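Below is one structure; the comments refer to it alone.
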Amino acid sequence: MEQGTYLQGKYQLVEKKNLAKNTYDFTIAAKEMAELAEAGQFVHLRVEGFMLRRPISICEIDRSAGTLRIVFEVRGEGTKQLAKINEGEFVDVLGPLGRGFTLLPANQSVIAVGGGIGVPPMLETAKHYQKNATVIIGFRSANAVILNDDFKACGNDVMLCTDDGTMGAKGFVTQALHKRLMEGHADMIYACGPHAMLKGVVELANEFGVPCEVSLEERMGCGVGACLVCACKTVKNGEEYYAHVCKDGPVFPAEEVIFE
């Protein structure tokens with residue numbers, strides 16, 4: 001898809017679920033948008049009463065049904081308002097936006113690492129590889145766990161971690177990633193989550209010599225690269241520069257990101 005091809009319109013919310021405390025799952029009927037969308041991209045939603053749109057990662061793309069699935073956490077007044085939209089109502093969506101993940105042939109062995117609300121964009125990515133993807137997902141505790149069964153339904157090998165050990169293995173995703181890398185080769189690592197987690201994932205990717213792509217989360221203004229709200233420090237050909245997460249990302253090759 002040509003970078004920068006996106007649509008804007010009002011699309012119907014066809015299914016709404018509450019996955020965990022303050023975490024909502026929307027399926028939106030947007031046939032043309034689903035045709036264009038790629039794993040790792042995002043949509044920008046207009047919320048009644050708020051000037052700035054809210055960027056939310058695409059969790060799943062169903063081209064045959066003509067739907068996009070998004071999963072988001074209520075973090076402020078905007079997402080609180082968004083969560084009040086009901087099935088049958090319409091959502092103002094701009095998308096698909098940004099640069100997604102680079103998908104390799106499906107028989108390659110990959111690792112997808114997600115932390116907290118960085119887990120949803122991993123689903124469409126891991127689905128492509130089915131049994132050839134190891135999915136490592138981490139949450140604060142059992143009551144925050146989402147999409148575990150969805151990954152398993154895709155045939156992925158799932159390693160679940162919680163900070164407090166209430167579900168899965170106790171510890172961080174980086175510990176599980178180290179264990180998986182010790183066990184065998186991987187052709188690519190994909191990651192999305194908190195900054196500290198991404199830094200740790202990239203260090204391990206470097207240590208084991210595995211290519212890595214990271215999806216960055218930043219506050220956004222316009223979503224199409226016209227404002228400078230979501231600038232992040234990157235490096236290309238030895239030159240440091242500020243990239244736009246919304247347009248140049250949200251996915252970047254790990255070696256281009258400067259983790260302060």
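The values are calculated or read from the model by the stated rules, or taken from the named source; none is laboratory data. No experiment lies behind these values; they were computed from the predicted model shown. With ideal geometry, Cβ positions are generated from the backbone for all residues, glycine too; neighbour counts draw on all protein chains shown.
Flag set for G200, criterion: over 19 Å from G100 (Cα atoms), at pLDDT 95 or above, in contact with a helix residue (DSSP H, G or I) (Cβ under 9 Å, 6 or more places away or on another chain) and small (G, A, S). On inspection, I117 does not qualify as in contact with a strand residue (DSSP E or B) (Cβ under 8 Å, 6 or more places away or on another chain), more than 20 Å from D25 (Cα to Cα) and not assigned by TED's automatic domain parsing to the domain that holds N18.
Of the set (1) within 20 Å of N206 (Cβ to Cβ); (2) of a type outside the set (S, T, Y); (3) surrounded by fewer than 14 Cβ atoms within 10 Å (Cβ to Cβ), all apply to I189 but (3). For segment 120-138, the set of residues classified as β-branched (V, I, T), touching a Phe, Trp or Tyr at 6+ places or on another chain (Cβ under 8 Å) and closer than 23 Å to T166 by Cα consists of V135, I137, listed by residue number.
When each of F90, F101 is tested for being surrounded by fewer than 20 Cβ atoms within 10 Å (Cβ to Cβ) and hydrophobic (A, V, I, L, M, F, W, C), the lone residue that passes is F90. Number of residues in segment 14-54 that are over 25 Å from D149 (Cα atoms) and either of a type in the set (V, I, T) or in contact with a His (Cβ under 8 Å, 6 or more places away or on another chain) (or both): the value is 3. Annotation: M182 fulfils all but one of (1) touching a strand residue (DSSP E or B) at 6+ places or on another chain (Cβ under 7 Å); (2) in a helix (DSSP H, G or I); (3) of a type in the set (A, V, I, L, M, F, W, C); (4) farther than 25 Å from Y24 by Cβ; the unmet one is (1). For segment 46-73, a tally of residues being modelled with pLDDT of 95 or more, among the aliphatic types (A, V, I, L, M) and closer than 28 Å to F139 by Cα returns 5. Taking helices (runs of 4 or more DSSP H) as the structural unit, those lying wholly within segment 64-177 and holding at least 3 residues that are over 19 Å from the mean Cα position of the chain (by Cα) and not acidic (D, E) correspond to 77-82. Going by the structure shown, is E77 outside the structural domain of V145 (by TED's automatic domain parsing) and within 24 Å of G100 (Cα to Cα)? Spelling it out, it is not the case that E77 is outside the structural domain of V145 (by TED's automatic domain parsing) and within 24 Å of G100 (Cα to Cα). Search segment 47-61 for residues being over 21 Å from L216 (Cα atoms) and surrounded by 13 or more Cβ atoms within 10 Å (Cβ to Cβ), and hand back the single one that is nearest to the chain's Cα centre (by Cα). Only one residue tops the list, namely V47.
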